[in-house]
Each structure stands twice: as C-alpha cells, then as structure tokens.
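These notes concern the structure reproduced below.
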Amino acid sequence: MNADALRGHMDALLLSVLEHEPLHGYAIIDALQERSGGALNVPTGTVYPALRRLEQAGYLAGEWVTVGGRRRRTYRLTSSGRAALASERSAWREFAGVIGSVLEPRVVRRVREEFGGATR
C-alpha cells in the first residue's frame, strides 16, 4: 500500500492495534500486517517515532519488559488513548463517508433512497 495513503492515519492504526493488549514494537508491526491481510508493511522508522509521540501525548504508557530473554518496550493504551481512538474512529467514518459519496455517488444515493434520507 502506498505510504502516502497512511499519512494522517498512523495514530489511529497504532491505537487500534493496542486496544485489547499491550504489545512491543515488532508485535505491533506484525499485528498491522496481519490485520491488513499483508497490505500494510510499515517500517520500524515510521512506527517507533509514532509510538514515542503517542506516549508523550499521554495516549500510550510504555514499560520495559523482558520478552524471550530480550528487553523490549511494551506499550498499552491509556484512558486518554481510548478516548483518542474513539475520536479517530468517528473521524475516519466521516472521512470515508464523504470520500465514498464522491467516488461512488450512485451507491450513496441508492442507500439514502432506500433508508429514507434526502438525495442530492
């Protein structure tokens, strides 16, 4: 997937991956790749600075743990991070709806007609 397509969405992706369990950096990268069916192959040089930024913002809490005999920084979502994720999801739905209405205007019109909304 084109890296430019991810611009502006990395925070939401990272927060979402950490929603249910704490993970270390490489596990986060693996989770992104797995959840995307292999479409997202995000480099460490993108993920780690974003994790540090999210931690500084208070959305993530990090701690050093030993995993498989190696010390790794593990991240978990904070309550502020959960609120930010909810906001990111809402913004994504709105964004996807607007873009969808431009790219697929007949589909949106048909859905509006079917469910009683106004058409343009």
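Read-outs: derived from the displayed coordinates by stated rules, not from any lab. Not measured: the values here are computed from a predicted model. For neighbour counting, all protein chains shown are included, and Cβ atoms are generated from backbone atoms with ideal geometry for every residue, glycine included.
Brief remarks follow.
- Just so you know, the Cα atoms of the chain work out to an Rg and Dmax of 17.7, 61 Å.
- As a proxy for reagent exposure, ranking Arg93, Arg52 by other Cβ atoms within 10 Å from fewest up yields Arg93, Arg52.
- FRET efficiency estimate (nearest 0.05) - Cβ-Cβ, Leu103 to Glu21, R0 35 angstrom: 0.50
- The chain: relative contact order in percent, alpha carbon pairs under 8 Å with at least 6 residues between: 23 percent
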